[in-house]
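The values are calculated or read from the model by the stated rules, or taken from the named source; none is laboratory data. The structure displayed is predicted, hence computed values, not measured ones. Every residue, glycine among them, receives a Cβ derived from its backbone with ideal geometry; neighbour counts consider all protein chains shown.
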Amino acid sequence: MLRRLLPLAILITLSGCGGGGGSSSGGICSATAYTPNYVTAPGMTLRKWNHLPIKVFFQTTTPIGITTIEQHLRDGFNKWEAALSRDLWTEVVSATGADLVVQVQASAPQSTLATTTVFFTSGSTVINSATMTVFTWSSIPEADYNPTGCHEMGHALGIGGHSNSNLDIMYFTGNLSGLLTTPDLNTLRTCYCDFASNPLTDPNPPKTRGPQESETYVFPAKQ
Ligand SMILES: [Zn+2]
């Protein structure tokens, strides 16, 4: 949830696709539109929502320290908004109509920090819905939930894969800084052509048509 409102002049400046990038298939920009990025990393598929902000419902409230794990996740989600000056997500109080449902769950295996699954119509680059599960056990440092939330939100917003640089938060195990990098931001910008058309138009068939597919991203625990 982005609380700061942008002056109109800045919105206009940001709305250009910039650098002659231009959109390519499915409303996703070309890999050279916003560089440096990791758009061409092995296994990467970029997707997008046809509307922003996405509606997020937190199914759980899990106390930790003087706050909750969910609050750390919100703070991690907000890093994308702050860095891009975009309203990317908004919280809703019911799962009905939510785009992304988030839950925190006690984990027995202690091998996975989080998973995010995006659902999309077969052949489409548009995400129809998503789920995120963040696992918790006692030895996870409280400070880790914020960057975990930030990494998982990258998947939920459309980064369908991982950076091959461990400097980026979208490296498969995250990064040491817990901060978004320029390649992280440019990769999400590519998904949305730097949000050039917001509200976004859906270049693909509505979700009711065609079989649904999904892709799940697993955030492994640090060894
Ligand atoms: Zn991941």
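Determine whether Phe120 is crowded, with 19+ Cβ neighbours inside 10 Å, among the aromatic types (Phe, Trp, Tyr), modelled with pLDDT under 95 and away from the ligand (no atom under 15 Å from the Cβ). For Phe120, the condition - crowded, with 19+ Cβ neighbours inside 10 Å, among the aromatic types (Phe, Trp, Tyr), modelled with pLDDT under 95 and away from the ligand (no atom under 15 Å from the Cβ) - is met. Within 16 Å of the ligand (Cβ to nearest atom), under 30 Å from Cys193 (Cβ atoms), in contact with a helix residue (DSSP H, G or I) (Cβ under 8 Å, 6 or more places away or on another chain) and among the hydroxyl-bearing types (Ser, Thr, Tyr), is that true of Tyr34? So Tyr34 fails the test. Annotation note: of Ser122, Ser129, the sole residue that is touching a Phe, Trp or Tyr at 6+ places or on another chain (Cβ under 7 Å), at negative phi and of a type in the set (Gly, Ala, Ser) is Ser129. Kindly evaluate Val134 against the criterion of being within 13 Å of the ligand (Cβ to nearest atom), closer than 23 Å to Val92 by Cβ and either touching an Asp or Glu at 6+ places or on another chain (Cβ under 8 Å) or not in a loop (DSSP other than H, G, I, E, B) (or both). So Val134 passes the test. Could you go through the stretch 73-88 and let me know if any residue there is away from the ligand (no atom under 16 Å from the Cβ) and farther than 24 Å from Pro183 by Cα. No, that holds for no residue.
Candidates are the residues of the stretch 174-189 that are assigned to a helix (DSSP H, G or I) and away from the ligand (no atom under 15 Å from the Cβ); the one that is surrounded by the most Cβ atoms within 10 Å (Cβ to Cβ) is Arg189.
The listed residues are Tyr171, Tyr192, and the only one of them that is within 12 Å of the ligand (Cβ to nearest atom), within 24 Å of Ser30 (Cα to Cα), out of contact with any helix residue (DSSP H, G or I) (no Cβ under 6 Å at 6 or more places or on another chain) and not hydrophobic (A, V, I, L, M, F, W, C) turns out to be Tyr171. Scan the stretch 139-152 and give yes if some residue there is surrounded by fewer than 24 Cβ atoms within 10 Å (Cβ to Cβ), more than 16 Å from the ligand (Cβ to nearest atom), modelled with pLDDT of 95 or more and closer than 23 Å to Pro53 by Cβ, otherwise no. No: the stretch 139-152 contains no residue that is surrounded by fewer than 24 Cβ atoms within 10 Å (Cβ to Cβ), more than 16 Å from the ligand (Cβ to nearest atom), modelled with pLDDT of 95 or more and closer than 23 Å to Pro53 by Cβ. Selection of first residues in the stretch 96-116 that are over 12 Å from Glu152 (Cα atoms) and of second residues that are modelled with pLDDT under 95 and within 15 Å of the ligand (Cβ to nearest atom), restricted to Cβ pairs under 7 Å at least 6 apart or on distinct chains, gives the following pairs, ordered by first then second residue: Gln110/Ala221; Ser111/Pro220; Ser111/Ala221; Thr112/Val218; Thr112/Phe219; Thr112/Pro220; Thr112/Ala221.
Scanning the stretch 100-117 for residues being within 16 Å of the ligand (Cβ to nearest atom) and outside any loop (DSSP other than H, G, I, E, B) gives a total of 8. In the stretch 199-223, which residue that is surrounded by 16 or more Cβ atoms within 10 Å (Cβ to Cβ) and not in a strand (DSSP E or B) is modelled with the highest pLDDT? Restricting to residues being surrounded by 16 or more Cβ atoms within 10 Å (Cβ to Cβ) and not in a strand (DSSP E or B), the top hit is Ala221.
Scanning for something at negative phi and in a loop (DSSP other than H, G, I, E, B), does the stretch 79-87 turn up at least one residue? Looking through the stretch 79-87, at least one residue is at negative phi and in a loop (DSSP other than H, G, I, E, B).
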